[in-house]
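Undergrad: Here's a structure for you.
The values are calculated or read from the model by the stated rules, or taken from the named source; none is laboratory data. The shown structure was predicted, so the numbers you read here are calculated from the model rather than taken from an experiment. So basically every Cβ, Gly included, is an ideal-geometry build from the backbone, and we count neighbours across all protein chains shown. Quick note on the areas: whole protein, heavy atoms, side chains included, nothing else; ligands and nucleic acids left out. Shrake-Rupley method; radii C 1.70, N 1.55, O 1.52, S 1.80 Å.
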Amino acid sequence: MHIKIAKDYMEMSKVAADLVESILRKRPGLVLGLATGSTPLGLYKELVQRHKAGLDFSKVTTFNLDEYYGLSPDHPASYHYYMGEHLFEHINVDRARTHIPNGANADAVQECKNYEAKIKAAGGIDLQILGIGNNGHIGFNEPGAPFGGTAGLVDLAEETIEANARFFERQEDVPRQALSMGIKSIMQCAQIVLLANGANKADAIAKAVEGPVTEALPASVLQLHPNCTFIIDEAAAQKLTGV
Ligand code: F6R
């Protein structure tokens, strides 16, 4: 696991964008795994700027980590909506090659099976962008999620519902479940970049990097990944002792 510490959120986002850009320039048909939430917004802004300056996404395939279960793609709080608003509408990606689990599919098991099959058919994910929850979750794999898990319907932890209430009018509106790639699906990605900023992520980062590898702290599994980089700001790094 490599750790890169950036001065602040803006620098974190630029360092991450540099990495995505350099990989994309070498591999125009990149299969890119994407996350939502607040953390990658700066990265997406940077990528949009770089697209305006000529960076080409026309051959890229994308797979998002997760989607709220029960929200249709046109719901303003859905991750479909988020991705359109913050990235896809502003770059020249072929929308037919963008994939996000469909939270409106009544058959969640089949939806997840199909999703895993699509990732496989694309040859696997070359580069996966991750955020991290305050409780150490990655994707919506909450503490206790099995390391052997593939995509599935998961229950959101109470603290995740609270943390994500800011995207909804009322806390009661936050869905209680999500479709998420599993830990095993994430570990199969060839390269992983985890982004984190802010003091509220410092505990989770310290445990993920320096704590025991345990299902109680899902991101700790990344210690076992052969090509994983954490790009984090100083506030998120403040509880690391070994750097
Ligand atoms: C989002 C996702 C989540 C978030 C995490 C951090 O697709 O998979 O694991 O990355 O909840 O969210 P923010 O960035 O909003 O703090």
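Undergrad: Is the chain best put as rounded, prolate or oblate by its Cα gyration tensor, with a ≥ b ≥ c the root eigenvalues, rounded for a/c under 1.5, and otherwise prolate when a/b is larger than b/c, oblate when not?
TA: In terms of gyration-tensor shape, rounded.
Undergrad: For a test of the definition: using alpha carbon positions, the gyration tensor, and the 1.5 limit on a/c, classify segment 18-92 as rounded, prolate or oblate.
TA: Taking the square roots of the gyration eigenvalues as a ≥ b ≥ c, segment 18-92 is prolate.
Undergrad: I'd like to compare 165-178, 4-17, 103-116: which one has the highest average count of other Cβ atoms within 10 Å, and what's the full order after that?
TA: 4-17, 103-116, 165-178
Undergrad: Another question, then. For the chain, with all protein chains present and a 1.4 Å probe, just round the carbon and sulfur fraction of the accessible area to a whole percent.
TA: For the chain, the apolar C and S fraction of the accessible surface comes to 51 percent.
Undergrad: I've got another one for you. Enter the Cα centre distance for the pair segment 133-159 and segment 86-128, rounded to the nearest angstrom.
TA: The distance from the Cα centre of segment 133-159 to that of segment 86-128 comes to 19 Å.
Undergrad: Would you mind checking 14/113; 113/201; 45/120; 59/201; 26/52; 52/184 for any pair whose Cα atoms are more than 27 angstrom apart?
TA: 14/113; 113/201; 45/120; 59/201; 52/184
Undergrad: Right, another one. May I ask you to list the aspartates and glutamates whose Cα is less than 16 Å away from that of residue 239, ignoring any residue fewer than eight positions away on the same chain?
TA: By straight Cα distance, residue 239 reaches 8, 203, 210.
Undergrad: Using the Cα centre of the chain as the reference point, and only Cβ charges (+1 on K/R, -1 on D/E), how large is the resulting charge dipole? Debye, rounded to the nearest 20.
TA: Taking the Cα centre of the chain as origin, the dipole is about 940 debye.
Undergrad: Something else about it: Name the residue farthest towards the positive end of the dipole of the chain from the options 179, 119, 197, assuming +1 on Cβ of Lys and Arg, -1 on Cβ of Asp and Glu, about the Cα centre.
TA: Ranked along the dipole, the leading option is 119.
Undergrad: Related question: Quote the Stokes-Einstein diffusion coefficient, in whole µm² s⁻¹, for segment 147-190, based on the Kirkwood radius over alpha carbon pairs, a temperature of 10 °C and a viscosity of 1.306 mPa s.
TA: For the chosen part, D equals 137 µm²/s.
Undergrad: Considering only the other residues whose Cβ falls under 14 Å of the Cβ of residue 231, what net charge follows from Lys and Arg at +1 and Asp and Glu at -1?
TA: Neighbourhood net charge equals -3.
Undergrad: Under a GNM of the chain (C-alpha, springs under 10 Å), which listed residue has the highest mean-square fluctuation: 46, 158, 210?
TA: Taking springs between Cα atoms under 10 Å, the residue moving most is 158.
Undergrad: Let me ask another. Quick one: net charge around residue 126, please, counting Lys, Arg +1 and Asp, Glu -1 for every other residue with C-beta under 11 Å from its C-beta.
TA: Residues close to residue 126 contribute a combined charge of +2.
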